[in-house]
1. Could you tell me how many cubic angstrom of Cα convex hull volume segment 8-67 has per residue?
2. Which GluC sites (Glu not before Pro) does segment 325-425 hold that lie in a coil by DSSP with at most 15 other beta carbons within 10 Å?
3. Rounding to the nearest 10 and keeping the result within 0 to 90°, find how far the Cα-based axis of helix 205-216 lies from the longest principal axis of the chain.
4. Scan around ILE91 for amide H atoms under 5 Å from its own, H built in the peptide plane at 1.01 Å from N, and keep only partners 5 or more places away or cross-chain.
5. Kindly give Rg over Rh for segment 203-295, based on alpha-carbon atoms, with the Kirkwood expression for the hydrodynamic radius.
6. Could you report the accessible area of GLU565 in Å², rounded to 10, computed with a 1.4 Å probe on the protein chains as they sit in the structure?
7. Tell me which chymotrypsin sites (Phe, Trp or Tyr not before Pro) from segment 290-371 have a DSSP coil assignment and no more than 15 other beta carbons within 10 Å of their own.
8. In cubic angstrom, how much convex hull volume per residue do the alpha carbon atoms of segment 132-260 span?
Amino acid sequence: ETYDTIPGQNKITFLLQAVRDASAAEEVKQMAAVLLRRLLSSSFEEIYPGLTLEMQTAIKTELLTSIQQETSPNIRKKVCDIAAELSRNLIDDDGNNQWPEVLKFLFDSVNSDNVGLREAALHIFWNFPGIFGNQQQHYMEVIKRMLVQCMQDQANPQIRTLAARAAASFVLSNESNTALLKHFADLLPGILQAVNESCYQGDDSVLKSLVEIADTAPKYLRPNLEATLQLCLKLCADTNLTNMQRQLALEVIVTLSETAAAMLRKHTAIVAQSVPQMLAMMVDLEDDDEWAMADELEDDDFDSNAVAGESALDRIACGLGGKIILPMIKQHIMQMLQNPDWKYRHAGLMALSAIGEGCHQQMEAILQEIVSFVLLFCSDPHPRVRYAACNAIGQMATDFAPTFQKKFHDKVISALLQTMEDQSNPRVQAHAAAALINFTEDCPKSLLIPYLDSLVQHLHVIMVAKLQELIQKGTKLVLEQVVTSIASVADTAEEKFVPYYDMFMPSLKHIVENAVQKELRLLRGKTIECISLIGLAVGKEKFMPDASAVMQLLLKTQTDFNDLEDDDPQISYMISAWARMCKILGKEFQQYLPVVMGPLMKTASIKPEVALLDTQDMENISEDDGWEFVNLGDQQSFENGDRWPGGEATA
């Protein structure tokens, strides 16, 4: 607060003094440099033009002097960021750089014998490749020569790395200038070499630049596409590299399938070699004895190879299409499914789930054979393979609806019900229930009715057993899914659910009334959803006797609504439930409006905590602080503070 109240112009002076203070601790100088760069970035217009000319000149001189005199590489880099930020703001509307000295400084430094200064010049240019403004065309040859010369600096690997990043940054900032991309095409082999070298030095920054080029300026890669793909394939296959590096190398190929599919289709041989790499990543699973009993669904490690491989397969199938991908992968999957090691069978089934959307047409033609095969794995000896089989069924039920439901209802429903009986493996039970939700959501009512009695009896038995378990052991994972399965069946069956209403409603009300602990928030939310969906399915007449009791229960939560945390999953379930209650009760809902509207408006005004960041900011914030990063390309990231509760069930 104290810092915020200091006038901006004083801030600049104080921060610059702190950065230049030789006696200050490194952390202090570093913090001052970061604050100064942020100040110029966020409040340049408010502060800088109001400074006296002497003051403006002094700042420019101080920054350049500081870069030359600073002995700590870390602080020097931060001061270079300030200089880049200042020059970004000093390019006027006509493209004139109002700080000609910084350009002279770049030329002098890049030719200096002092490695630190060469590094500084490259760092500034990497950070702000538009620094030459309207002089860029004039200096084109010089820029190119400077980059080539630094990329060939045999004595200093860090200069080669930085020059490659700067070259990539320059290409990215001129992505739509076709002539320039052509002119700089001969720098790509050097960039690729730097990607390779830096990866083995444990630095993936140049590889990340290559991913950005594939995303934003894929045509820059065209003249050397074969070499680019070969390199990425090699890095991806090298198990000596970190998982992150291998995944980034794969990301280049996958991104190109999305941004330049036509270009990539000319290189199907390499694509065909990358498919087994993705499958190999999907086999990279841990044996975990606790797995089957886990009651909390951890977010799968998003950085795990298995998750990365699966997502890559999904994206490349959508990018290049089934005509290319299915023939490449079909044999591999068949072999994996026959492997005695559970990890291969698991990966094969997950791969089938992943390619359904992209290979839709081609798989639809052989769906009969695929489904019969997958169903066999519902009784595989290994629980995680049974889980993967449920996953494939749930995914196909969505990808191929309603054909899937029409053709395979009898086999699929009985397989899932049988798998849901697997008492000793709650994770498998829960996933079978989740697959059933996907199946019933898109199932025509007439197809479901013949199974209704059997479905309802099974779900009831499991619900009762799991309610007991909740009371005795506190486990809730399967119950959460089963409650949603019941809701989904009721939603599809509509008035045909009336005879079963009384089997379920007392237990469901009991859950809402008693499941008040924090760890049961999701269960309670899903149960509220279930009650309101059943009410909607059976209609006003059947639901009316319970309606006011249910509303009272919901409003009781209401009175405590202000105590709910913003990220409480119950909020979204509750609001949807009132909407359904309102639909059922019609005008009679009016009495509840005074209580309902307050929280509704409060939720509508929750601001998701979101911030736009640039690459430099991200380096200072770690994912451990609970931030989630969403890359928007263009060197900016989108940060998401609270994770919003998801919508309906997904398998």
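The values are calculated or read from the model by the stated rules, or taken from the named source; none is laboratory data. Here the structure is a predicted model, which means the values were calculated and not measured. When we count neighbours, we look across all protein chains shown, and the Cβ atoms used for this are built from the backbone with ideal geometry, even at glycine. The accessibility values were calculated without ligands, DNA or RNA, using every heavy atom of the protein model including side chains. Shrake-Rupley method; radii C 1.70, N 1.55, O 1.52, S 1.80 Å.
1. Numbers: hull volume 4.5 nm³, N = 60.
It is 74 Å³ per residue.
2. GLU421
3. Result, in degrees: 70.
4. Close amide H contacts, sequence-distant or interchain: GLN98.
5. Using Cα coordinates only, the ratio equals 1.08.
6. Around 90 Å² of this residue is reachable by solvent.
7. Numbers: sites: TRP291, PHE302, TRP342, TYR344; in loops: PHE302.
Answer by residue number: PHE302.
8. Measuring per residue, one finds 94 Å³ for the Cα hull of segment 132-260.
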